[in-house]
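The values are calculated or read from the model by the stated rules, or taken from the named source; none is laboratory data. A quick note: this is a predicted structure, and the numbers were derived from the prediction, not measured. Note that each Cβ is placed from the backbone with ideal geometry, even for glycine, and that neighbours are counted across all protein chains shown.
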């Protein structure tokens, strides 16, 4: 199975026992660096995931979470910070398009923002748990991280006469020299 993400941990549906499979995953340094580059963050000091994988019809159900320590830059102070990410995962993988439509149709009967995501497709009978963890991590990363206690203070308003349009503002206030 070829993955587009730098962290690939394929699990074949047929290799999952009837009783299910528990996996605790931890990315090595080169994988963390590659995922950090993909996610656009300074670093990933820790990246792991814990999954319970069970058979569901001809597909799989994956429940767990991804955890990471993400090195970022504070948008207020521009200082480096470490953000902790803990993102829950609950996905269904199906083996065929018709099964996917059936599951999606069942889920669409009522609008529920807390409902599970649409099912994913098994590729060659496999689910890539590394790709799942990477995707959920990237969705969970705060795009505008702030150091605790950091507050943005807007610049002080300058004297009215010092901005580039001060002359126009003065003309407008004074009537512009036109007689009405």
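The set of residues in the range 16-68 that are surrounded by fewer than 16 Cβ atoms within 10 Å (Cβ to Cβ), touching a strand residue (DSSP E or B) at 6+ places or on another chain (Cβ under 8 Å) and without any contact (Cβ under 8 Å) to a residue 24 or more places away in the chain comprises 26, 33, 46. Screening the range 119-142 for residues that are modelled with pLDDT of 95 or more and part of a strand (DSSP E or B) and picking the one that is surrounded by the fewest Cβ atoms within 10 Å (Cβ to Cβ) gives 126.
Residue by residue, here is whether (1) modelled with pLDDT of 60 or more; (2) in a loop (DSSP other than H, G, I, E, B); (3) exposed (fewer than 10 other Cβ atoms within 10 Å of the Cβ) holds:
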position: 101; (1), (2), (3): no, no, no
position: 111; (1), (2), (3): no, yes, yes
position: 117; (1), (2), (3): yes, yes, no
position: 144; (1), (2), (3): yes, yes, yes
position: 150; (1), (2), (3): yes, yes, no
position: 153; (1), (2), (3): yes, yes, yes
position: 161; (1), (2), (3): no, no, yes
position: 164; (1), (2), (3): yes, yes, yes
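For residues in the range 28-54 being touching a helix residue (DSSP H, G or I) at 6+ places or on another chain (Cβ under 7 Å) and part of a strand (DSSP E or B), which is nearest to residue 16 (Cα to Cα)? Applying the filter and picking the extreme gives 51. Residues that are part of a loop (DSSP other than H, G, I, E, B) and without any contact (Cβ under 8 Å) to a residue 60 or more places away in the chain within the range 1-15 comprise just one, 2.
Taken over the range 74-85, residues that are touching a residue at least 40 places away in the same chain (Cβ under 8 Å) and either assigned to a strand (DSSP E or B) or in contact with a helix residue (DSSP H, G or I) (Cβ under 7 Å, 6 or more places away or on another chain) (or both) amount to 3.
What is the residue count in the range 84-94 for residues that are surrounded by 16 or more Cβ atoms within 10 Å (Cβ to Cβ) and either modelled with pLDDT under 95 or within 16 Å of residue 127 (Cα to Cα) (or both)? Write out each step before concluding.
Narrowing the range 84-94 to residues surrounded by 16 or more Cβ atoms within 10 Å (Cβ to Cβ): 85, 87, 89, 91-94.
In the following step, the residues that additionally are either modelled with pLDDT under 95 or within 16 Å of residue 127 (Cα to Cα) (or both) were identified as 89, 91-94.
Going through the range 84-94 one residue at a time, the tally reaches 5.
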